Amino acid sequence: MEALVLFGQALLTAITGAWIGIGVIENIRYPKVNGDLVTMVMRMDRVREERPEIYADVKGNRIESPAVHAWAYRAIIAFELLATALLLLGALMLLGAALG
């Protein structure tokens, strides 16, 4: 029974790692898609458009630098890649534990 639980955990961990891995691949292949979203968040575009009363108070926190936006996007991809690697390693270790 314990081996079955470990197999299940390995499968779920591998699926999560694969899902994040797909995100990494897509972020590398099509950086404009999510890169633009990171830029919009850092510039606080939506807050300015949808909540101008709040934007007046927090507009000093926005980051306008394209270089910082690009750095942040690369950092996000690096952490996604690290998470993918660790999840897949964990899945392999769980599989190893299941197999004894």
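The values are calculated or read from the model by the stated rules, or taken from the named source; none is laboratory data. Worth saying up front: this structure is predicted, and the values here are computed from it rather than measured. Cβ placement follows ideal geometry from the backbone for every residue including glycine, while neighbour counts extend to all protein chains displayed. Keep in mind that these areas ignore ligands, DNA and RNA; they rest on the heavy atoms of the full protein, side chains included. Shrake-Rupley method; radii C 1.70, N 1.55, O 1.52, S 1.80 Å.
Would you check if A83 is farther than 27 Å from L11 by Cβ, open to solvent by less than 60 Å² (accessible area, probe 1.4 Å) and not basic (K, R)?
In short, no.
Pairs needed: first member in the range 82-100, under 14 Å from G21 (Cα atoms); second member anywhere, assigned to a helix (DSSP H, G or I) and open to solvent by 60 Å² or more (accessible area, probe 1.4 Å); C-beta distance under 6 Å; at least 6 residues apart or different chains.
Listed by first residue and then by second, the contacts come to L87/T16.
Six or more apart or on different chains, Cβ atoms under 8 Å: show the pairs whose first residue is in the range 50-68 and in contact (Cβ under 8 Å) with a residue 24 or more places away in the chain and whose second is assigned to a helix (DSSP H, G or I) and open to solvent by less than 70 Å² (accessible area, probe 1.4 Å).
Short answer, once both residue conditions are applied: P66/T39; V68/M42.
When only residues in the range 4-24 that are open to solvent by less than 90 Å² (accessible area, probe 1.4 Å) and under 13 Å from the mean Cα position of the chain (by Cα) count, which is nearest to R74 (Cα to Cα)?
V24
Residues in the range 60-75 that are of a type in the set (A, V, I, L, M, F, W, C) and either part of a loop (DSSP other than H, G, I, E, B) or buried (at least 16 other Cβ atoms within 10 Å of the Cβ) (or both): how many?
Final tally of qualifying residues: 2.
Would you pick out the residues in the range 38-59 that are open to solvent by 90 Å² or more (accessible area, probe 1.4 Å) and either at positive phi or in a helix (DSSP H, G or I) (or both)?
If the condition is that a residue be open to solvent by 90 Å² or more (accessible area, probe 1.4 Å) and either at positive phi or in a helix (DSSP H, G or I) (or both), then V41, R46, R48, E49, E50, E53, D57, K59 are the ones that fit.
Touching a residue at least 40 places away in the same chain (Cβ under 8 Å) and either open to solvent by 50 Å² or more (accessible area, probe 1.4 Å) or within 15 Å of the chain's Cα centre (by Cα) (or both), is that true of G35?
For G35, the condition - touching a residue at least 40 places away in the same chain (Cβ under 8 Å) and either open to solvent by 50 Å² or more (accessible area, probe 1.4 Å) or within 15 Å of the chain's Cα centre (by Cα) (or both) - is not met.
Name the residues in the range 62-88 that are of a type outside the set (A, V, I, L, M) and farther than 17 Å from Y30 by Cβ, would you?
Scanning the range 62-88 gives R62, E64, S65, P66, W71, F79, T84.
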